[in-house]
Amino acid sequence: MAETETHLGEWDGDEFNGWRFIPYGVEEEEDVPHEQVKVWVARSQPRDKDTGAIAFDISFEYAQWKDHRVSILALMDLEDNSFPYEEVTEALNDWIEKAKRFPHTRRNCLCCWKRATKGKVLCQGCHTKFGEVIYAD
Ligand SMILES: [Zn+2]
């Protein structure tokens, strides 16, 4: 039995019926469609051809796993200063880390075609607009 998951529910059963894990709050969550999503992160991310912003190929289960190319600008939650997918956040942190480590490498801004500021992943203009969400933890 997974001890670490006991906060998510409880084990129920006996030696005759077998044990099963009953998650808490299942009834409330039943109305919410559980959407399966895959985010593809590549070494070289594609860019949106209009804005120049980095894009992610995302597949959704409800759409038969068809790939959708989604610009990073569309993924930003500016109210929450976050991204909806863990993979996107991880990729961002990775790029931020690399930019810090290799500040002299020429790189383009994640959100447009311009050059990024030294040691940063954004240009000056985009940093003003998106710095908070991009550099949020
Ligand atoms: Zn920019």
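Some notes on this structure:
- Looking across segment 109-137 at every residue that is among the aromatic types (F, W, Y) and under 21 Å from the mean Cα position of the chain (by Cα), the one that is surrounded by the fewest Cβ atoms within 10 Å (Cβ to Cβ) is identified as Y135.
- When segment 60-81 is filtered for residues that are more than 16 Å from C126 (Cα to Cα) and out of contact with any Phe, Trp or Tyr (no Cβ under 9 Å at 6 or more places or on another chain), the ones remaining, listed by number, are F60, E61, Y62, A63, Q64, W65, E79, D80.
- All positions within segment 109-123 that are within 8 Å of the ligand (Cβ to nearest atom) and not small (G, A, S): C109, L110, C111, C112, W113, K114, L122, C123
Throughout, read-outs are computed from the coordinates displayed, never taken from laboratory work. These numbers were taken from a predicted model, which means no experiment stands behind them. We place every Cβ from the backbone using ideal geometry, glycine too, and count neighbours over all the protein chains shown.
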